[in-house]
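Everything on this sheet refers to the single structure shown next.
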Amino acid sequence: MIDRATIDRIMDAANIVDVVSEFVSLRKSGTSYKGLCPFHDDRTPSFSVSPARGVYKCFSCGKAGNAVRFIMDHEQMSYVDALKWLARKYNIEVKERELTSEEREQENERESIFIVNEWAAEYFHDILLNHIDGKAIGLAYFRSRGIRDDIIQKFRLGFSLSQRDAMANEALKKGYKAEFLVKGGLCGQRENGSLYDRFAGRVLFPWMSVSGKVVGFGGRVLDSRTKGVSQKYVNTPDTPVYHKDHELYGLFQAKKAIAKEDCVYMVEGYTDVLSMHQCGIENVVANSGTALNLHQIRLLHRFTQNVVLLYDGDEAGIHAAMRGTDMFLAEGMNIKVLLLPDNDDPDSFARKHTATEFREYITTHQTDFMEFKTRVLLNDNSDPIKRAEAISSIVKSISVIPDQIKRAEYIKQCSTNIGTPERTLINEMNKFIRREREEKYKEAEREAARQPQNKPIERPTTNKLVEDVERMLTQEVVRHGEEVIFRDVQLNEGEKSADITAAEYVYYDLSADQLRFQNPIYNRILEEAVAHIHDDGFKADEYFRSHPDQQVNQVATELSTETYILARSNQMRQEDDSLQSRVLHLLLDYRMIYVKNRLGELKQLLPKTPENERAALQQEWMKLLAIRQEIARRVGHSIIVS
């Protein structure tokens with residue numbers, strides 16, 4: 001368990017903008033920052049980060065929290081592990097004991113695979129640099145490709161010995177479980193239960209998540225087997241932590257440069273990424289053997305809108321660029337294309353030229369997607385049929401662009417470039433847009449047909465209304481608990497008068513009628529607020545958002561960021577929106593709903609109760625009616641209760 005003082009130091013050090021910027025490209029907007037939400041497929045910036053309050057909020061999907069919650073949700077970490085992550089980032093010491101073997105067994109599957117992967121990356125890297133075979137085979141290969149030692153270190157490149165069980169035996173000797181070696185994709189398992197290394201005899205390229213955690217590996221065979229071999233590269237299979245079509249090689253090393261340059265170069269292979277880094281071009285990633293897909297595009301979109309597709313100049317490279325163009329455009333991104341000379345890829349081209357020459361070539365030869373498609377598809381083609389098909393393909397690409405103004409500008413430019421009337425191109429583009437909309441509509445209809453019929457919207461139940469008011473009261477405690485709402489109040493006869501804070505008033509008012517919230521977390525927040533309300537410098541919002549209990553922390557963070565309202569039929573009319581007025585109204589509303597709830601129960605009980613036992617229930621009934629009348633009188637027209 002991490003002690004409270006250390007948690008406070010971590011929370012004080014954690015800058016929410018700094019933390020979120022590790023994973024999302026943020027731009028200043030007034031006093032806050034905005035970006036694309038990393039928790040859902042976000043096309044327009046709906047993700048807001050407030051440095052003043054130390055919280056983030058997505059106004060589309062509703063995700064909200066502080067720095068710890070962001071790391072927990074984004075990296076799938078526990079509360080304690082997220083605190084450790086922040087502690088490492090800000091160089092704060094966290095004293096902890098080693099996990100026992102029993103505790104290690106209780107680690108969940110994802111965490112265990114991450115642990116094994118991290119060890120394996122270090123093991124392979126050490127073999128490459130220090131083992132006789134690693135240096136003679138693996139390191140010699142990288143140096144033959146011109147890869148410098150600093151790049152080898154930066155990307156944690158490695159080598160797996162040719163012995164089929166070398167890594168497996170070493171892992172088992174270190175105490176790592178065979179179960180997670182197999183589940184993490186590092187080993188296969190024979191029928192007799194023995195393990196074999198998946199990457200034996202290969203140089204290794206670790207895949208790292210946006211936060212730098214090792215999620216998988218790519219391995220390249222080096223010896224004579226490369227001649228005619230069907231699997232020159234082998235990758236980690238899908239695991240609980242790795243899905244190759246969701247990842248981009250080099251993104252961890254590139255993310256800061258991408259945000260700084262507001263641009264990313266997309267290449268195809270591992271060594272392409274390494275060679276460009278050697279040339280000083282660090283804003284580069286690779287999809288490495290997988291067809292480009294929406295997961296990868298949306299991952300990049302968090303950091304920049306500007307992409308340059310940097311592919312080989314052969315037919316395969318042209319085809320990949322063509323396919324990628326429309327996918328990026330449909331996501332609202334700006335695309336340029338750069339094809340290298342025939343028989344060259346970024347790796348080979350970089351080895352033939354100086355860093356200065358490479359950078360100059362990239363700068364001067366990248367072209368807008370439309371110029372690229374026009375040059376490739378038309379190419380002085382005089383065949384009217386093929387020319388019409390080429391023009392139609394260009395217009396189709398323009399049609400997927402979400403921004404209408406951009407579409408109009410591209411149509412105008414296309415008309416000028418190819419000599420076709422603008423009206424003709426607009427008509428063709430509109431056909432594509434209508435066709436796409438119709439297809440989406442039909443798909444929505446098919447999906448609706450597969451779903452059960454929607455039920456009528458039900459009115460909130462009484463219990464739900466109680467939950468809502470409890471949440472609103474707790475929200476006031478979290479946001480304003482330490483603020484005084486009554487001054488010089490004498491609670492008991494003979495006692496000195498005192499100021500009453502919002503938290504204290506809620507607590508005393510409910511306690512007077514022996515009422516407690518149904519939600520135990522809300523009760524805990526209220527009771528802790530009252531217990532600490534007179535501590536020096538106590539701020540309820542800060543206290544609960546950095547609370548060591550994960551549940552309290554999360555609930556408080558949500559309450560501090562959300563705008564919470566009752567159902568329309570149970571809203572307060574806010575003529576007086578002061579804190580005092582809100583608290584008083586909510587407490588009265590809470591009592592009214594509670595009374596109505598109990599009256600409903602009594603209405604059901606009375607007919608079933610024997611006459612000789614009804615007196616007590618009837619007495620309670622009359623008392624509740626009087627209370628309801630009194631609440632209604634005090635509320636007047638400020639509260640509507642259905």
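Is it the case that residue 219 is open to solvent by less than 20 Å² (accessible area, probe 1.4 Å), of a type in the set (Gly, Ala, Ser), at pLDDT 90 or above and in a strand (DSSP E or B)?
It is true that residue 219 is open to solvent by less than 20 Å² (accessible area, probe 1.4 Å), of a type in the set (Gly, Ala, Ser), at pLDDT 90 or above and in a strand (DSSP E or B).
Name the single residue, out of those in the range 606-632 being farther than 21 Å from residue 513 by Cβ and at pLDDT 80 or above, that is surrounded by the most Cβ atoms within 10 Å (Cβ to Cβ). Write out each step before concluding.
Residues of the range 606-632 that are farther than 21 Å from residue 513 by Cβ, as a first pass: 606-615.
When the remaining residues are screened for being at pLDDT 80 or above, the result is 606-610, 615.
Numbers: 606: 12, 607: 7, 608: 7, 609: 14, 610: 6, 615: 10.
Taking the candidates together, the pick is 609.
Is it true that residue 212 is open to solvent by less than 30 Å² (accessible area, probe 1.4 Å), assigned to a loop (DSSP other than H, G, I, E, B) and not aliphatic (A, V, I, L, M)?
The answer is yes for residue 212.
Here's a check for you: in the range 466-486, which residue that is in contact with a helix residue (DSSP H, G or I) (Cβ under 7 Å, 6 or more places away or on another chain) and not in a helix (DSSP H, G or I) is least open to solvent (accessible area, probe 1.4 Å)?
Applying the filter and picking the extreme gives 481.
Quick one: is residue 549 over 30 Å from residue 594 (Cα atoms) and open to solvent by 30 Å² or more (accessible area, probe 1.4 Å)? Outline the logic, then answer.
Details: over 30 Å from residue 594 (Cα atoms): no; open to solvent by 30 Å² or more (accessible area, probe 1.4 Å): yes.
Against the criterion (over 30 Å from residue 594 (Cα atoms) and open to solvent by 30 Å² or more (accessible area, probe 1.4 Å)), residue 549 does not qualify.
So which residues in the range 404-434 are among the charged types (D, E, K, R) and modelled with pLDDT under 85, if there are any at all?
Hit for the range 404-434 is 434, nothing else.
Being modelled with pLDDT of 85 or more, out of contact with any strand residue (DSSP E or B) (no Cβ under 8 Å at 6 or more places or on another chain) and not aromatic (Phe, Trp, Tyr) is the requirement here; does residue 327 meet it?
So residue 327 fits the description; yes.
Filter the range 330-384 for residues that are open to solvent by 40 Å² or more (accessible area, probe 1.4 Å) and hydroxyl-bearing (Ser, Thr, Tyr); which is nearest to residue 293 (Cα to Cα)?
Looking at residues that are open to solvent by 40 Å² or more (accessible area, probe 1.4 Å) and hydroxyl-bearing (Ser, Thr, Tyr), I get 363.
What do you reckon, is residue 406 under 16 Å from residue 322 (Cβ atoms) and either open to solvent by 100 Å² or more (accessible area, probe 1.4 Å) or of a type in the set (D, E, K, R) (or both)?
So residue 406 does not fit the description; no.
Could we say that residue 182 is within 14 Å of residue 112 (Cα to Cα), of a type in the set (Val, Ile, Thr) and open to solvent by less than 70 Å² (accessible area, probe 1.4 Å) here?
Numbers: within 14 Å of residue 112 (Cα to Cα): yes; of a type in the set (Val, Ile, Thr): yes; open to solvent by less than 70 Å² (accessible area, probe 1.4 Å): yes.
Criteria met by residue 182.
Among the residues of the range 257-296, which ones are in a helix (DSSP H, G or I) and farther than 21 Å from residue 217 by Cα?
Within the range 257-296, 257, 258, 259, 260, 261, 278, 294 qualify.
Given the condition surrounded by 23 or more Cβ atoms within 10 Å (Cβ to Cβ), over 18 Å from residue 317 (Cα atoms) and touching a residue at least 60 places away in the same chain (Cβ under 8 Å), answer yes or no: does some residue in the range 245-257 qualify?
Yes, because at least one residue in the range 245-257 is surrounded by 23 or more Cβ atoms within 10 Å (Cβ to Cβ), over 18 Å from residue 317 (Cα atoms) and touching a residue at least 60 places away in the same chain (Cβ under 8 Å).
Filter the range 266-285 for residues that are in contact with a Leu (Cβ under 7 Å, 6 or more places away or on another chain) and over 13 Å from residue 328 (Cα atoms) and give the result.
Across the range 266-285, the qualifying residues are 267, 285.
Residue-by-condition table, conditions (1) touching a strand residue (DSSP E or B) at 6+ places or on another chain (Cβ under 8 Å); (2) surrounded by 21 or more Cβ atoms within 10 Å (Cβ to Cβ); (3) within 23 Å of residue 53 (Cα to Cα); (4) modelled with pLDDT under 85:
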position: 510; (1), (2), (3), (4): no, no, no, yes
position: 536; (1), (2), (3), (4): no, no, yes, yes
position: 539; (1), (2), (3), (4): no, no, yes, no
position: 563; (1), (2), (3), (4): no, no, yes, yes
position: 568; (1), (2), (3), (4): no, no, no, yes
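Going by the structure shown, is residue 137 hydrophobic (A, V, I, L, M, F, W, C), assigned to a helix (DSSP H, G or I) and under 18 Å from residue 269 (Cα atoms)?
no
I need the full set of residues from the range 31-54 which are within 18 Å of residue 305 (Cα to Cα), assigned to a loop (DSSP other than H, G, I, E, B), open to solvent by 60 Å² or more (accessible area, probe 1.4 Å) and in contact with a Lys or Arg (Cβ under 9 Å, 6 or more places away or on another chain), in order please.
41, 43, 45 - these are the residues of the range 31-54 that are within 18 Å of residue 305 (Cα to Cα), assigned to a loop (DSSP other than H, G, I, E, B), open to solvent by 60 Å² or more (accessible area, probe 1.4 Å) and in contact with a Lys or Arg (Cβ under 9 Å, 6 or more places away or on another chain).
Is one or more of the residues making up the range 570-580 open to solvent by 20 Å² or more (accessible area, probe 1.4 Å), closer than 30 Å to residue 58 by Cα, modelled with pLDDT of 80 or more and in a helix (DSSP H, G or I)?
yes
Does residue 282 count as on the phi < 0 side of the Ramachandran plot, in contact with a helix residue (DSSP H, G or I) (Cβ under 9 Å, 6 or more places away or on another chain) and open to solvent by 30 Å² or more (accessible area, probe 1.4 Å)? Spell out the reasoning first.
Numbers: on the phi < 0 side of the Ramachandran plot: yes; in contact with a helix residue (DSSP H, G or I) (Cβ under 9 Å, 6 or more places away or on another chain): yes; open to solvent by 30 Å² or more (accessible area, probe 1.4 Å): yes.
Answer is yes for this residue.
Checking the condition in contact with a helix residue (DSSP H, G or I) (Cβ under 7 Å, 6 or more places away or on another chain), more than 27 Å from residue 627 (Cβ to Cβ) and not aromatic (Phe, Trp, Tyr), which residue from 499, 541, 536 passes?
On inspection, the qualifying residue turns out to be 541.
Only one of these is part of a helix (DSSP H, G or I), surrounded by 14 or more Cβ atoms within 10 Å (Cβ to Cβ) and touching a His at 6+ places or on another chain (Cβ under 8 Å): 113, 151, 127. Name it.
Step by step, each of 113, 151, 127 is checked, and only 151 is part of a helix (DSSP H, G or I), surrounded by 14 or more Cβ atoms within 10 Å (Cβ to Cβ) and touching a His at 6+ places or on another chain (Cβ under 8 Å).
The values are calculated or read from the model by the stated rules, or taken from the named source; none is laboratory data. As the structure is a computational prediction, the values presented were derived from the model and not from experiment. Cβ coordinates were reconstructed from backbone atoms using ideal geometry, including for glycine residues, and neighbour counts include every protein chain displayed. Ligands, DNA and RNA are stripped out before the accessible areas are found, and what is left, the full protein with its side chains, is counted by its heavy atoms. Shrake-Rupley method; radii C 1.70, N 1.55, O 1.52, S 1.80 Å.
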